[in-house]
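Have a look at the structure below before the remarks.
The values are calculated or read from the model by the stated rules, or taken from the named source; none is laboratory data. Bear in mind the structure is a predicted one, so any value in this text is a computation, not a measurement. In this analysis, Cβ positions are derived from the backbone assuming ideal geometry, glycine residues included, and neighbour counts consider all displayed protein chains. When the accessible area is computed, the model is the full protein with side chains, heavy atoms only, and any ligands, DNA or RNA have been set aside. Shrake-Rupley method; radii C 1.70, N 1.55, O 1.52, S 1.80 Å.
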Amino acid sequence: MGRGEREKVECKTGVTMSLPKPVMRGLLGKRLRFHLPIAFALSFAAAAVFKYGVTEPRKQAYADFYKNYDATKEFNAMREAGVFESCRPTGE
């Protein structure tokens, strides 16, 4: 059978039907032309959602925290609480 020829199939009722052969030549290229742009669009959309939904709020939260953060005050509070072994609280 050549390309595009039909194959004879017999049904349960005894009627003979013909089915077209599937076209396999160029199938990968055809499917890639359809699916590749969709894959790129979805990946860029996911990257944009992650950037503006996760990383930008996280960067803003860090900026807000360190805007009023006093490292010396935190160190003195931890020293007075006895967290460090290398430096004693001021009362001792």
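Along Cα→Cβ, 7 Å out, is where each label goes; now give me the distance between the ones at Tyr52 and Arg88 in nm to one decimal.
If labels sit at Tyr52 and Arg88, their model points lie 5.9 nm apart.
What FRET efficiency do you get for Thr72 and Ala45 if R0 is 35 Å and r is their Cβ-Cβ distance, rounded to the nearest 0.05?
0.20
Taking the Cα-to-Cβ direction at Lys59 and at Met24 and moving 7 Å from each Cα, how far apart do the two end points lie in nm?
5.1 nm
For Thr13, what accessible area in Å² do you get when you roll a 1.4 Å probe over the heavy atoms of the protein chains, rounding to the nearest 10?
120 Å²
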